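Asker: Just dropping this structure here.
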Amino acid sequence: MKNKYHKQINILLIFAYTCIIFFPNFIFELNISSFLIVIVAYFFLYLFFSIKLFFVFTIPIYFLSIIQLLFYYTINKSIISPTLIQISLYQSSFDERLSIIMGNGLLITVSFIFLAVLLLKSEKIKFKKISKLKSGLILILLICIAFYSITNSEKYQRKYNDSSFSLKYSTLLIVKQTYPLNLLRNIRTAYLIHKKTKLYHQQTTDFSFGFPKIQSNDKDVIVMIIGESARAMSFGKNNTSTSTTPYLDERKNVISFKNVFTPYSSTSSSLPFSLSRVEAKNWKNDMYNEKSIISAMRELGYTTFFIDNQELNNGLIDFYKLESDHYIKSNKLRSYDEVLLPILDSVLTNNTSNKKFIVLHSYGSHYNYTSRYPRSMAYYKPDHFKSYKIENKKAIKNAYNNSIRYTDYFLDQVISHLEGMNSGLLYFSDHGENVYDNEDGLIFHGYSKPNMYTLNIPLIVWLSDSKKLKSPEILKNVNFNINKRISTKSIFSSVLNLTLLDTAYYQQKKSVFNKKLKTEKYRYYFDELNNIIPIE
């Protein structure tokens, strides 16, 4: 009776373990053939090894599956992307990593206990003998399933006709379609991206845009504000159904574009793209070969400042930040963005340079949303919630909209510092945000296949009266371009246009201040290998 009971418990434990390592293939809705590949592969291992040795070999997959399932059900609805792996392994601080571990301490503890029980309960480690015939038959079955799976997939048929077969592409497709192979591939991709990023400084040491130094001694201040997790549709200037921009609504010479998109939904990738001159079609190959708009402005004779409310994170954007003449961090990183205002005031007052290019990197609407604004600015209520779950959607959206209202206040305060000078301001966000907007039930950003909630970003420009008088056509051109569909690839040329530099040195078709600005043919995003994927 005792042995029988012990055997039943063992079977249940093995079944639970198997469900954990197989389950990601169910939730990703892969075709049945891809799932069979995994089953046959695991069965192949089981025939050779005892239960305990099988557990030992599949422990890495067990923990990867737990992490993947946690990620899927709590934040994202897809496989963990190379971008998120890169951020987690290379671009997050120790305290952020520790908070993730502590926040999921119970799950990790239970997982270890479950695994320990399995190993204690299972039989001794030993290899099993299996005939060559059985091995060969299983291997042939595995190949047949794989061949059938690939040649009948939509992706394969789009690239090849039914009568052709590419071993290289088929193998890659199996890897992309089958968990945990796709996750292991993403880990490798993240490492290669990190490796290339580290070589950026070495490869661009001698790089120059070849821009002439502007000879005029006229004073000029250009400010670029980088937002965080803000989406165009949540700004009142773009959407009359929301009241999130009361300050900017009262300002003159403020123009807001609502048809702007970024091709990435994560900061580490979107900002380098936005601040670089490299064309989208060449981005994959040349992104590590050119410096940023900050170096371009230095060549023109502007003293450059990067005032940061975010941490350095070992990404490509860090190199851009450090290209500035003066890199200044706020005394209290990741706090309310108004901590940047005294630093801005000091730069404007105490630095004697005639020409200044100032970048403010705000913390904007980064979660936790309720920490992005003081309680006195909690306009939408209720805005408190215990967790980012869909049942708290109303409070989460209220908190997010309050963070946008605070961004409106922050932008207005910056303009107040600039309005008596010959100056111009350009604000854009790195990416947007999901806030449980539809039936997909998505929250936050960073998806490998982003949607328009994360790609459609705000772009707001403001010109002082002095700047407008010097170049009256600029404001007219902005209003002429306001409804054109553009990408953040327009940032580089638009900043150069604000200097009133000769148009030979930047692309007129990319500047929002030039009437020749061209509409993008379609929206697009970059996949994890930086290939362009059209949206429409």
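Asker: Would you call residue 381 at pLDDT 95 or above, over 21 Å from the mean Cα position of the chain (by Cα) and either of a type in the set (Ser, Thr, Tyr) or in a loop (DSSP other than H, G, I, E, B) (or both)? It would help to see each step written out before you state the result.
Answerer: Details: at pLDDT 95 or above: yes; over 21 Å from the mean Cα position of the chain (by Cα): yes; either of a type in the set (Ser, Thr, Tyr) or in a loop (DSSP other than H, G, I, E, B) (or both): yes.
So residue 381 passes the test.
Asker: Also, quick follow-up: For region 496-525, name all the residues that are surrounded by 21 or more Cβ atoms within 10 Å (Cβ to Cβ) and out of contact with any strand residue (DSSP E or B) (no Cβ under 6 Å at 6 or more places or on another chain).
Answerer: 496, 497, 499, 506, 510, 511, 512, 513, 514, 517 - these are the residues of region 496-525 that are surrounded by 21 or more Cβ atoms within 10 Å (Cβ to Cβ) and out of contact with any strand residue (DSSP E or B) (no Cβ under 6 Å at 6 or more places or on another chain).
Asker: Go through region 323-346 and report how many residues are at pLDDT 95 or above, surrounded by fewer than 17 Cβ atoms within 10 Å (Cβ to Cβ) and part of a loop (DSSP other than H, G, I, E, B).
Answerer: 1
Asker: Has region 510-517 got any residue that is farther than 30 Å from residue 186 by Cβ, among the charged types (D, E, K, R) and in contact (Cβ under 8 Å) with a residue 40 or more places away in the chain?
Answerer: Looking through region 510-517, at least one residue is farther than 30 Å from residue 186 by Cβ, among the charged types (D, E, K, R) and in contact (Cβ under 8 Å) with a residue 40 or more places away in the chain.
Asker: Something else about it: Among the residues of region 177-189, are any at pLDDT below 85, in a helix (DSSP H, G or I) and more than 20 Å from the chain's Cα centre (by Cα)?
Answerer: Yes, region 177-189 has at least one match.
Asker: Going by what's in this entry, would residue 65 be described as surrounded by 20 or more Cβ atoms within 10 Å (Cβ to Cβ), hydroxyl-bearing (Ser, Thr, Tyr), out of contact with any Gly (no Cβ under 7 Å at 6 or more places or on another chain) and modelled with pLDDT of 75 or more?
Answerer: yes
Asker: (1) farther than 26 Å from residue 302 by Cβ; (2) free of Cβ contacts under 8 Å to residues at least 40 places away in the same chain; (3) part of a loop (DSSP other than H, G, I, E, B); (4) not charged (D, E, K, R): which one isn't true of residue 192, the others all being true?
Answerer: Of everything listed in (1) farther than 26 Å from residue 302 by Cβ; (2) free of Cβ contacts under 8 Å to residues at least 40 places away in the same chain; (3) part of a loop (DSSP other than H, G, I, E, B); (4) not charged (D, E, K, R), residue 192 misses just condition (3).
Asker: Exactly one condition in (1) modelled with pLDDT under 75; (2) surrounded by fewer than 20 Cβ atoms within 10 Å (Cβ to Cβ) is not met by residue 60; state its number.
Answerer: (1)
Asker: Inside region 195-207, can you point out the residues that are without any contact (Cβ under 8 Å) to a residue 60 or more places away in the chain and either closer than 15 Å to residue 272 by Cα or surrounded by 13 or more Cβ atoms within 10 Å (Cβ to Cβ) (or both)?
Answerer: 198
Asker: Within region 255-267, does at least one residue satisfy the condition of being surrounded by fewer than 19 Cβ atoms within 10 Å (Cβ to Cβ), farther than 17 Å from residue 198 by Cα and at pLDDT below 95?
Answerer: Checked against the condition, which is being surrounded by fewer than 19 Cβ atoms within 10 Å (Cβ to Cβ), farther than 17 Å from residue 198 by Cα and at pLDDT below 95, region 255-267 yields at least one hit.
Asker: Which number in (1) at pLDDT below 95; (2) in the same structural domain as residue 225 (by TED's automatic domain parsing) marks the one condition that residue 450 misses?
Answerer: (2)
Asker: Something else about it: Determine if region 464-471 includes at least one residue that is closer than 22 Å to residue 234 by Cβ and not in a helix (DSSP H, G or I).
Answerer: no
Asker: Of all residues in region 353-378 being touching a residue at least 40 places away in the same chain (Cβ under 8 Å) and either in a helix (DSSP H, G or I) or among the charged types (D, E, K, R) (or both), which is surrounded by the most Cβ atoms within 10 Å (Cβ to Cβ)?
Answerer: By that ranking, first place goes to 356.
Asker: Then there is this: For region 195-230, how many residues meet the condition of being among the aliphatic types (A, V, I, L, M) and part of a loop (DSSP other than H, G, I, E, B)?
Answerer: Looking only at that region, the number is 3.
The values are calculated or read from the model by the stated rules, or taken from the named source; none is laboratory data. As the structure is a prediction and not an experimental result, all values here were calculated from the model. Here Cβ is always computed from backbone atoms with ideal geometry, including for glycine, and neighbour counts include all displayed protein chains.
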